[in-house]
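To keep things clear, I will list the structure first and then write my remarks on it.
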Amino acid sequence: MKISHIEHLGIAVESIEEALPYYEQVLGLKCYNIETVEDQKVRTAFIKVGDVKLELLEPTSPESTIAKYLEKKGPGIHHLAFCIEDGVANALAEVEGAGIRLIDKAPRKGAENLNIAFLHPKSTQGILTELCEH
Ligand code: ZN
């Protein structure tokens, strides 16, 4: 697989409204989009930092995996997303062949209409890893 860059860092927050003033007023960054991803039960806010984005993730339901993450670990870095130049489906086959545990067996639609798939942190050195393509 060919990774071109870090697409974004996913950051779990209790509330986007409460988190944004830190990023915008203290760090001087700008949120350019907020959207809800229904099937993941999250609201996401996107902030650009050069070529990399920060994706703030707020749960929209107690069943959201982000709600469970916040309960266990509190707010913080939730996942790392790589941009895959030659396709997520290919990359999934490749990492599965290398013995990596997949959360998603096939790419699905994520925020910003990206094709995404997650790898399990138990087999990625402790970091929930997202592969994505535009
Ligand atoms: Zn993400």
Virtual spin-label span in nm between residue 1 and residue 68, 7 Å along Cα→Cβ: 2.2
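Which value, in Å², gives the accessible area per residue of region 58-115 when a 1.4 Å probe is used on the protein heavy atoms? Intermediate values should be presented prior to the final figure.
Numbers: 3290 Å² over 58 residues.
I get 57 Å² per residue for region 58-115.
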Quick check: the angle from helix 88-97's long axis to the longest principal axis of the chain, C-alpha only, nearest 10 degrees? 60
Quick one: give the max-minus-min coordinate of the C-alpha atoms of the chain along each principal axis, largest first, in Å. 44, 31, 26
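At a 1.4 Å probe radius, carbon and sulfur cover how many percent of the accessible area of the chain? Spell out each step's value before the answer.
Values: 3870 of 7280 Å².
Using a 1.4 Å probe with all protein chains present, the chain comes out at 53 percent carbon and sulfur.
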The rounded separation in angstrom of the Cα centers of region 19-35 and region 59-91 is 19
Region 67-119: trypsin sites (Lys or Arg not before Pro) in DSSP loop, at most 12 other beta carbons within 10 Å: 101, 105
In debye to the nearest 20, how big a dipole does the chain give about its Cα centre with +1 on each Lys and Arg Cβ and -1 on each Asp and Glu Cβ? 320
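The values are calculated or read from the model by the stated rules, or taken from the named source; none is laboratory data. What you see is a predicted model; the values in this text were computed from it and never measured. Counting neighbours? That spans all protein chains shown, and the Cβs are built from the backbone with ideal geometry, glycine included. Accessible surface is based on the protein model in full, side chains and every heavy atom, while ligands, DNA and RNA are left aside. Shrake-Rupley method; radii C 1.70, N 1.55, O 1.52, S 1.80 Å.
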